[in-house]
Amino acid sequence: MTNYVPLLRVSALIPFVDFLEELGTPTEKLLRQYKLPIFALDEPNLLISRDQVFDFLKKASYQEGIENLGFLVGEKTPVESLGILGKLACQSLTLYDAIFKAIHLGHLFNSGEHFWLLEDKETAYFCQEYTNLRHFDSHHPSHFSLILMLDLIRKVAGKTWCPQQITLQTPFSNFTDNDLQEVLINKDVTITSIAFPRSFLALPFPKEFNLCEDQKHQEYEKLHQSIPSSQFTHSLTQAIKSHLKEGYPSINLASEIAKMPIRSLQRRLAKDGLTYSQLVTRIRYEKAVYLLQNSPLKMIEIAYELGYEDPAHFSRAFKRWTGISPHHFRCDQLNKNIG
């Protein structure tokens, strides 16, 4: 049984969408086909289903005939452009500090991804693995991660530095980087890793990646405000929240997100004392309260944020939940704050 829904930040999907759009790929059609939220592309820190993203990448690469999609996108994606985690990693003091951040913050970016560092006398190994997999028949995510890990090391080792040995979690290895074509690939190891001189760990990071202390604090806060959950119902809730603007999130969508049949999903939610309808109601209610208390959005805008086509439907639903209209709720909250 699935323990949780693996989630990743939208910022991990955006480089692939941008690359495919440059080729003229009908990305919006593909995103809808795999039930990924279009509106979420404007909010890089939102959490979406990792497995849906993997399915999208597999289909897009097949449709466009690009077997090495993960490598190509990775080469066009500097680590620092990859959302909050990339910014934080690249304002490190040393390579060791950067890898340490990847290890301890990586799960905030992708709850189904694990980084670690191994060291022996002369060599260090920067390692990565995707976890909680149903199956893993798409090599693009591993290859994308490999190139990003390589970019992080090259920040201190130089743009032309090349490792002597790598390993890959998936078997495909059609490199586009000419230097990497000569690299030894250890096929007996089923994780992604890069071997490099241990002395690199103490090399300083370029100064241009430094952030001031206030910026660091703000970036850490953004990550910790939405930690991907390791509990099933809560992780499903986090994924569904990113779909609200698309309209009512159907149980078929939830089944796709959770990667389980509808009946199994219903039984799983029942263990937490919920029906699917109750789950969606709770998600909408909690977001409505948050927006009424913390945003200047008009009622019609809040209604659309929750997936209501008609603002009157939102007003009626909110009154059913609380006994008062959303307008009166906001006024009461303002009066309490003033008082």
By how many nm would the segment from His114 to Lys259 grow when fully extended, if each residue of separation counts as 0.36 nm and the alpha-carbon distance is taken off?
-> 50.1 nm
May I ask you to compute the full-extension gain from Ile227 to Glu309, defined as 0.36 nm times their residue separation minus their alpha-carbon distance, rounded to one decimal in nm?
-> 26.5 nm
Using R₀ = 45 Å, calculate the FRET efficiency as 1/(1 + (r/R₀)^6) where r is the Cβ-Cβ separation of Leu203 and Gln33; round to 0.05.
-> 0.50
Tell me, in nm to one decimal, what length is gained between Asn252 and Asp42 on full extension, where the rule is 0.36 nm per residue of separation less the Cα-Cα distance?
-> 73.2 nm
Read through the labelled values (i) 160; (ii) 152; (iii) 129 and report the label of the one computed as volume of the Cα convex hull per residue in Å³ from the structure.
-> (i)
With springs connecting C-alpha atoms under 10 Å apart, model the chain as a Gaussian network and identify which of His217, His104, His328 has the largest mean-square fluctuation.
-> His328
Count neighbours as other Cβ atoms within 10 Å of each site's Cβ, and list the trypsin sites (Lys or Arg not before Pro) in the stretch 63-159 that are DSSP loop with at most 15 such neighbours.
-> Lys76, Lys121, Arg134, Lys159
Can you list the GluC sites (Glu not before Pro) in the stretch 73-141 that are in a DSSP coil and have 10 or fewer other beta carbons within 10 angstrom?
-> Glu122
Cβ-derived FRET efficiency at R0 30 Å, Lys298 paired with Ser277, nearest 0.05 = 0.65
Sum -39500 (n - 2.57) across every DSSP H segment of at least 4 residues in the chain, then divide by the residue count to get the 222 nm mean residue ellipticity, nearest 500.
-> -15000 deg cm²/dmol
Please find, in a Gaussian network model of the chain (springs between Cα atoms separated by less than 10 Å), the residue of Thr170, Thr123, Thr322 whose mean-square fluctuation is greatest.
-> Thr322
Taking the Cα centre of the chain as origin, work out the dipole magnitude from +1 charges on Lys and Arg Cβ and -1 charges on Asp and Glu Cβ, in debye rounded to 20.
-> 1500 debye
Shape descriptor, the stretch 1-113: equivalent ellipsoid semi-axes (Cα gyration tensor, sqrt 5λ, whole Å, largest first) stand at 25, 17, 13
When a footprinting reagent is the concern and you count Cβ atoms within 10 Å, what order do Val156, Val183 take, fewest first?
-> Val183, Val156
Arrange Ile48, Ile262 by Cβ neighbour counts within 10 Å, fewest through most, would you?
-> Ile262, Ile48
Ratio of the stretch 232-338's C-alpha Rg to 2.2 N^0.38 Å, to two decimals?
-> 1.15
Enumerate the helices in the chain for which the Kyte-Doolittle hydropathy averages -0.5 or more and the C-alpha atoms extend at least 24 Å along the helix's axis, using complete DSSP H runs.
-> 140-157, 276-294
Quick note on Leu269, Leu297, ordering by fewest other C-beta atoms within 10 Å, gives Leu297, Leu269
Qualifying chymotrypsin sites (Phe, Trp or Tyr not before Pro) for the stretch 110-160 [loop in DSSP, other Cβ within 10 Å: at most 15] = Phe136
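Every read-out reported here was derived from the displayed coordinates using simple, explicitly stated rules and does not represent laboratory data. Bear in mind the structure is a predicted one, so any value in this text is a computation, not a measurement. Glycine gets a Cβ as well: all are built from the backbone with ideal geometry, and neighbour counts include every protein chain shown.
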